[in-house]
Structures are given as structure tokens and as C-alpha cells.
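Accompanying notes for the structure given below.
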Amino acid sequence: MTPVVHRAVTAAPTASWFTDRFARNGWSGSWSGGVYDWHHYHATTHEVLGCHRGSAVLRLGGEDGDDVVVGPGDVIVIPAGLAHCRLAASEDFQVVGAYPGGVEPDIQTGGGIPCPLPKWDLDPVFGSGPAS
């Protein structure tokens with residue numbers, strides 16, 4: 001399963017905008033902060049990250065994964081099992097994270113595993129059926 005990247009979903013990104021939008025679409029248990037600078041993944045849940053401040057380069061897919069630049073208004077939906085980490089970030093970089101159904105995430109270190117879960121029911125931004 002591949003990550004989904006939505007660019008510039010709002011012109012005025014705030015932590016509360018992302019928290020509210022994600023919750024409206026069934027993604028809750030939100031938090032605000034940064035992204036770990038070491039490869040990790042969640043085997044028990046998918047994760048969504050909405051950038052509301054600053055910018056960063058995230059690596060998705062372990063050591064040999066793809067680098068994605070994120071900035072204010074961008075959203076990344078990370079499938080369970082997909083390793084991710086922060087390679088670089090501005091000092092003010094901040095995201096809101098959440099999980100489908102507010103599941104409490106596990107944190108595993110390493111390069112990731114094949115996705116152990118079915119696709120999420122609703123896109124955390126647009127709310128439509130499973131995103132592709």
C-alpha cells in the first residue's frame with residue numbers, strides 16, 4: 001500500500017483545522033508536534049500527518065524510501081507498516097497526527113513491513129471512500 005499525499009488542502013492551515021477535519025472523517029486521537037528523526041512504523045494503525053507550520057523532508061519507506069517535502073497545508077496518509085522519519089525540518093515545523101478510529105499507535109523501529117491492515121474507510125481530508 002502506498003502513502004497518499006494531498007497538497008495545499010487549506011490556504012490557512014492551523015492545528016485546529018487539521019484536528020477538526022480529521023475527526024470529522026473518523027481520524028481522531030490527534031496530537032501536535034514533530035516527526036521522529038529515526039525510521040519507525042506502526043503495525044496496528046494507519047497514520048495521517050497534516051502540516052500546519054514550517055516545512056520538512058520526510059523519508060517514507062525506510063532507508064531506501066522516497067523523500068517527500070511537506071509544507072503548510074500538506075497532508076500525508078501513511079499506511080500501517082510503512083516506515084517514516086524526518087530527514088530535515090525548519091525550526092518551526094509542526095504537524096497534527098491522527099489515527100482512524102483514534103486507535104492508540106504502536107511504535108516499531110526499522111524499515112517497515114508489508115501493510116498488515118485493510119485500506120482505511122474514509123480519507124482523513126476529503127471523507128470520500130477509500131483513497132487510492
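The values are calculated or read from the model by the stated rules, or taken from the named source; none is laboratory data. Everything quoted here is computed from the prediction, not taken from an experiment. No Cβ is skipped: glycine too gets one built from the backbone with ideal geometry, and neighbour counts run over all protein chains shown.
Residues in the range 66-74 include none that are part of a loop (DSSP other than H, G, I, E, B) and touching a Phe, Trp or Tyr at 6+ places or on another chain (Cβ under 6 Å). Is there a residue in the range 95-110 that is among the acidic types (D, E) and within 24 Å of G65 (Cα to Cα)? Within the range 95-110, one or more residues are among the acidic types (D, E) and within 24 Å of G65 (Cα to Cα). Of all residues in the range 95-112, those being over 12 Å from the mean Cα position of the chain (by Cα), in a strand (DSSP E or B) and either surrounded by 13 or more Cβ atoms within 10 Å (Cβ to Cβ) or at positive phi (or both) number 2. Taken over the range 16-35, the criterion of being aliphatic (A, V, I, L, M) and either surrounded by fewer than 17 Cβ atoms within 10 Å (Cβ to Cβ) or part of a strand (DSSP E or B) (or both) is satisfied by A23 alone. For first residues located in the range 82-95 and among the polar types (S, T, N, Q), partners that are loosely packed, with under 13 Cβ neighbours inside 10 Å and not in a loop (DSSP other than H, G, I, E, B) and lie 6+ apart or on another chain with Cβ distances below 9 Å form the pairs Q94/G33.
Taken over the range 4-30, the residue count meeting the criterion of being of a type outside the set (G, A, S) and closer than 20 Å to G81 by Cβ is 3. In the set C51, C85, only one residue is farther than 23 Å from G127 by Cβ, at pLDDT 95 or above and not in a loop (DSSP other than H, G, I, E, B); that residue is C85.
Per the listing V77, V5, V9, V69, the residue uniquely buried (at least 22 other Cβ atoms within 10 Å of the Cβ) and touching a strand residue (DSSP E or B) at 6+ places or on another chain (Cβ under 7 Å) is V77.
Residue under question is L58, and the condition is that it be without any contact (Cβ under 8 Å) to a residue 40 or more places away in the chain and hydrophobic (A, V, I, L, M, F, W, C); does it hold?
yes
Quick one: M1 ticks every box in (1) outside any strand (DSSP E or B); (2) at pLDDT 95 or above bar one, so which box is it? Result: M1 fails condition (2) only. For the criterion of being surrounded by 13 or more Cβ atoms within 10 Å (Cβ to Cβ) and under 15 Å from A43 (Cα atoms), P124 fails.
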